[in-house]
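Novice: One structure follows; several queries about it will come next.
The values are calculated or read from the model by the stated rules, or taken from the named source; none is laboratory data. On a predicted model such as this, the values are computed, not experimentally measured, just so you know. Virtual Cβ from ideal backbone geometry, glycine too; neighbours counted across all protein chains shown. With ligands, DNA and RNA removed, areas are computed over all heavy atoms of the protein, side chains included. Shrake-Rupley method; radii C 1.70, N 1.55, O 1.52, S 1.80 Å.
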Amino acid sequence: EPMDLDCGGDDCFFVADDLVIPTEDPPGVVNGFDLDGRVSDDTDAEGCFQPDFTSPDGTMGVDNQLATLAPTLEGALGSDLDATIAEALGDGSIIILMELDGAETTEDDSVTLNLYLGELTADDTCAMDAEPMCITAGKTFDINGDSVDASGNALISVPATITGGTLMAEVDTLELNIPFDEGTNIELTIRNATVRADVGSDTLENGLIGGQLNIEELITTVMAVGGEDIPVGLVRSTLETVADLDADADGVCQAVSVGIEFGAVGATKGDVATGA
């Protein structure tokens, strides 16, 4: 029987407090989605000869080549990606806000998922602390003006369902910008994205974002961050070696599958920031 959500009505508003790139543990097992509806091995041409993974719950056909690519990217960029993301969350450089509009029960097929980039409120000084943790439960976060239209509505607003307390939604394009240094961001544009999370009383748990990263866009990002010290040919060949989605007419995959775990805590929706 459907159960009322504790966050029902206007209170289903969350801020991401955790973003992690899954790793293989044990080998061949990694969290993610079956993005192409296939269970591929190294003989499957339609999967560009990339063996799929198995999820921790035993689901086969999982596509998440980012799990194998991340260590190589970290070596090339000289940075621990998870640590970089955690630091950006801690000081408020990354604020991702999620709103479940119309969510009422654990069985609800008329929900709208709104996604925003957020900002600290004008009076929030957490980033000035020696060891900031700007993302905490219950805080108020303003909406970045670039995330809404002229009427203040979310630019990313998609239908969603809640089944057995689990949220599911599909998003055409989801952008994640990770501050790398003072003047450079790691820009990840996740296309054909799927979002899943368990809706709690004041949390989103076991969250997962899956989709694909275009090779050409990823090359541009890596070169912008790594500079001329990284040969572009090496970057291209590395990405093409793990590409497993979006095959062209010649059967060559043009995208790398991605899966990113997330968690979120309840927050309060503030105003739309004007940037003034």
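Novice: Under 8 Å for C-alpha pairs, at least 6 residues apart: give me the relative contact order for the range 123-236, rounded to a whole percent.
Specialist: Once divided by the residue count of the range 123-236, the mean separation gives 15 percent.
Novice: Give, as a single signed number, the net charge of other residues whose beta carbon lies under 12 Å from the beta carbon of Val265, with Lys and Arg counted +1 and Asp and Glu -1.
Specialist: In short, -3.
Novice: Going by a 4.7 Å Cβ-Cβ cut-off, which cysteines of the chain have no partner at all?
Specialist: Within the chain, no cysteine lacks a partner Cβ under 4.7 Å, so the list is empty.
Novice: How big is the charge dipole of the chain about its Cα centre, in debye rounded to the nearest 20, if each Lys and Arg gets +1 on its Cβ and each Asp and Glu gets -1 on its Cβ?
Specialist: 300 debye
Novice: Moving to a separate point now. With labels modelled as points extended 7 Å from the Cα through the Cβ direction, what inter-label distance (nm, one decimal) is found for Thr173 paired with Thr268?
Specialist: Each label point is offset 7 Å from its Cα along the Cβ direction, giving 3.5 nm.
Novice: May I ask you to compute the full-extension gain from Glu182 to Thr23, defined as 0.36 nm times their residue separation minus their alpha-carbon distance, rounded to one decimal in nm?
Specialist: Here the segment from Glu182 to Thr23 would lengthen by 54.5 nm.
Novice: For the chain, what is the accessible area per residue in Å², given a 1.4 Å probe and the full set of protein chains?
Specialist: Accessible area per residue: 49 Å².
Novice: If a paramagnetic tag sat 7 Å from the Cα of Val252 along the Cα-Cβ line, which residues of the range 29-52 would have the backbone N under 18 Å from that point?
Specialist: It comes to 45-50, nothing else.
Novice: To the nearest 500 deg cm²/dmol, what mean residue ellipticity at 222 nm is calculated for the chain from DSSP H runs of n ≥ 4 alone, each contributing -39,500 (n - 2.57), summed and divided by the residues?
Specialist: Calculated at 222 nm, the ellipticity per residue is -5000 deg cm²/dmol.
Novice: Pop a pseudo-label 7 angstrom from the Cα along the beta-carbon direction at both Ala130 and Thr59 and give the gap in nm to one decimal.
Specialist: It is 4.4 nm.
Novice: Once the Cα atoms of helix 81-90 and of the chain are each reduced to a long axis, what angle between those two axes, in degrees from 0 to 90 to the nearest 10, is obtained?
Specialist: The answer is roughly 10 degrees.
Novice: While we're looking at this one, here's another question. Using a probe of 1.4 angstrom, how much of the accessible area of the chain is carbon and sulfur, in percent?
Specialist: 47 percent
Novice: Something else now. Let me know the charge dipole size of the range 98-208 about its Cα centre in debye, to the nearest 20, where only the beta-carbon of Lys, Arg (+1) and Asp, Glu (-1) is charged.
Specialist: Taking the Cα centre of the range 98-208 as origin, the dipole is about 240 debye.
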